[in-house]
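Shown next, in structure tokens, is the structure this report addresses.
The values are calculated or read from the model by the stated rules, or taken from the named source; none is laboratory data. Everything quoted here is computed from the prediction, not taken from an experiment. So basically every Cβ, Gly included, is an ideal-geometry build from the backbone, and we count neighbours across all protein chains shown. Side chains included, ligands, DNA and RNA excluded: accessible areas come from the protein's heavy atoms. Shrake-Rupley method; radii C 1.70, N 1.55, O 1.52, S 1.80 Å.
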Amino acid sequence: MGAEALLAGLSSQFLQLKPVDTPQGIADGLARIGKFLRIEAAYVLRPRAAGNDALECPFEWVAQGRQSAAPQCATLSHESIGITADFYDRRQPAVFSARGALGTARGAATILAVPISAGDSSFGLLCVDSANPERRWTREDAALLGMVGDLFVTAIRRQRAEEDKQRLQMQLNQSQKMEAVGKLSGGIAHDLNNMLLPVIGYSDMLLARVPENSPDALELLEIRRAAEHAASLTRQLLAFSKKQVVKKTTTGINDVIQKMGKILDRVIGENIKIHFNLSEGLPPVLADPSQMEQVIMNLVVNARDAMPEGGSVSIRTRQVDTDSVPAKLISGAKPNGAFVEIIVRDTGRGIPKEIMDEIFDPFFTTKGHEGTGLGLHVVRSILEEHSGGIRVESYPGEGSEFHLFLPATSGSQPFAQAPRSSEAGYASTSAASPLPPAETPSPAVTRPPAETRGSGERILLVEDEESVIRFVARALKQHGYEVIEAMCVRDALDTFAEHGGRFDLVFSDAVLPDGNGVALLDQFLKERPDLPVVLSSGYTDKRSLLELAKERDIRFLQKPYALPLLFQTVRDALLNEGKAALA
């Protein structure tokens with residue numbers, strides 16, 4: 001069989017080759033080349049990764065009785081075998097002798113290598129070698145390898161195109177699935193927030209009427225705490241569905257961590273020590289403080305669960321530059337400038353290598369029925385929302401280390417930070433901690449401030465959920481306000497017109513059966529520009545309703561909220577916006 005017949009046979013074979021069968025097709029092609037040239041080995045060398053000088057041998061054929069030399073090729077690089085970058089541009093064959101690095105690795109006396117490429121893309125080298133030092137490679141041998149290499153390249157490109165198509169299809173399917181699950185999660189969170197609002201609110205009303213240390217107060221406090229815990233789960237669902245209300249402000253990360261100190265101490269348990277090492281003089285970041293708390297809490301809870309026998313957790317902060325940040329941020333943007341890094345490390349079990357690529361997937365959990373699989377996905381989603389990045393380092397049995405990156409913001413003075421501890425560079429949240437967090441007032445002793453009481457101001461309350469409108473109306477009435485209720489946009493407009501617009505404030509839900517609260521408040525403000533308004537919701541599309549509310553400087557109250565916050569928001573709106581006179 002001549003070279004023409006060999007090429008014709010290979011061409012016919014590769015034309016019929018399915019992309020999935022490309023590796024086997026190349027292996028068969030190498031065998032046919034080796035037998036035709038009566039040599040000991042035919043193989044492909046290619047870079048291990050884009051821009052990498054190291055080589056690998058993914059395809060190889062060796063004659064019967066000869067051992068594979070593919071493992072030895074893993075020690076080679078372009079530089080070690082004497083190939084420069086312009087070798088591929090010249091596309092000229094090269095001959096390597098037994099004295100070179102390639103000859104030594106392959107155990108060959110002489111080697112012929114031909115660059116294979118397509119356009120500007122280089123795929124590597126197609127090589128044949130012989131143990132016979134007298135073997136002389138001809139122009140015909142090189143031309144044959146070049147043409148066979150073109151067939152290989154075409155097959156490889158078809159395979160990659162098919163893999164890209166399949167990957168894009170999988171990404172599309174995953175995106176559609178996540179969109180559906182996100183909508184479901186957002187809807188569930190909305191309904192739960194509406195249910196939790198009366199539970200928290202009525203608990204506050206009762207707690208305000210009973211002695212602080214009475215058994216009734218303690219039982220009510222437990223009810224309220226359970227409702228707050230449920231509310232935290234809805235925040236997880238909203239963050240997962242990317243419909244959580246995000247309020248970014250210039251924030252000091254160390255301040256956020258300091259305020260969480262005692263809460264983290266309680267969450268972590270007695271058999272785990274938690275340490276802090278917060279760098280002084282960190283620049284602020286543009287972030288939602290409550291979401292930053294959520295990120296840190298999720299990581300600390302995961303660390304606790306990874307250490308059932310006890311251990312330690314450390315939280316460090318420091319300023320880093322672009323070079324220290326992962327090459328690509330979650331948002332897809334290239335890192336640029338200064339970043340604040342948060343490092344959360346534990347001494348737990350570690351994360352097995354085989355599941356490392358899955359830990360950020362929604363609903364993936366190693367905790368069995370005790371886990372939701374949302375924690376790390378929410379962490380990643382929040383960092384993406386903040387144009388940040390994340391890197392994980394973990395080894396089974398040695399613990400895990402999460403590196404979080406947030407872009408530093410300019411134009412503000414650095415926040416005052418806590419001093420460092422002398423104990424191995426860490427500060428503990430024990431009694432001697434230099435990070436005393438601000439005490440969160442207990443709901444049992446929280447009373448609405450007297451100055452927030454109303455004096456007969458008339459409020460138009462627009463809310464479609466019966467349990468919510470009953471609670472809010474009752475609370476406001478008991479606090480000194482006159483409340484007139486409406487349950488949809490049409491009802492609200494009719495009520496407003498019926499009273500001649502004589503309202504001191506309009507309090508509306510953001511999502512109504514026949515429209516949205518922002519558009520409704522817009523209509524009222526066109527008629528009464530000085531009218532104080534408040535928008536509330538447990539679920540909103542931050543890309544539309546909330547942005548519109550911000551543009552119009554409308555106060556926003558997120559559900560579920562506590563009574564003191566409700567009263568304070570209403571009072572602030574009345575005072576800041578001016579009180580409309582009633583005719």
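What's the center-to-center distance, using Cα atoms, between region 393-408 and region 463-528 in Å?
For region 393-408 versus region 463-528, the Cα centre distance is 48 Å.
If you place +1 on the Cβ of every Lys and Arg and -1 on the Cβ of every Asp and Glu, how big does the dipole about the Cα centre of region 17-107 come out, in debye to the nearest 20?
320
Counting only protein chains, not ligands or nucleic acids, how are His403, His190 ordered by accessible area (probe 1.4 Å), most first?
His190, His403
Please give the solvent-accessible surface of Met297 in Å², to the nearest 10, using a probe radius of 1.4 Å with every protein chain present.
Result for Met297: roughly 50 Å² accessible.
What is the Cα convex hull volume of region 453-532 when expressed per residue in Å³?
78
Using only C-alpha atoms and all pairs of different ones, pull out the Kirkwood radius for region 1-148 in Å with one decimal.
For region 1-148, the Kirkwood estimate is 15.6 Å.
Kindly report, to the nearest 10 Å², the accessible surface of Asp53 as traced by a 1.4 Å probe over protein heavy atoms only.
Approximately 60 Å² of Asp53 is accessible to the 1.4 Å probe.
I'd like to compare 336-346, 56-66: which one has the highest average count of other Cβ atoms within 10 Å, and what's the full order after that?
336-346, 56-66
I'd like to compare 465-477, 72-84: which one has the highest average count of other Cβ atoms within 10 Å, and what's the full order after that?
Going by the mean number of other Cβ atoms within 10 Å, highest first, we get 465-477, 72-84.
Determine the dipole magnitude for region 1-49: charges of +1 sit on the beta-carbon of Lys and Arg, -1 on that of Asp and Glu, nothing else is charged, the reference point is the Cα centre, and the result goes in debye to the nearest 20.
160
What ranking do 381-390, 515-524, 210-219 get when scored by the average of other Cβ atoms within 10 Å per residue, highest first?
For the peptides 381-390, 515-524, 210-219, the packing ranking is 381-390, 515-524, 210-219.
For a bin width of 5 Å, list the pair-distance distribution of region 90-150 built from all Cα-Cα distances, rounded to whole %.
In whole percents, the pair-distance histogram is 4, 20, 28, 22, 17, 7, 2, 0.
With respect to the cross-link table entries Lys262/Lys477; Lys262/Lys559; Lys259/Lys559; Lys273/Lys559, which display a Cα-Cα separation exceeding 29 Å?
With Cα atoms farther than 29 Å apart: Lys262/Lys477; Lys273/Lys559.
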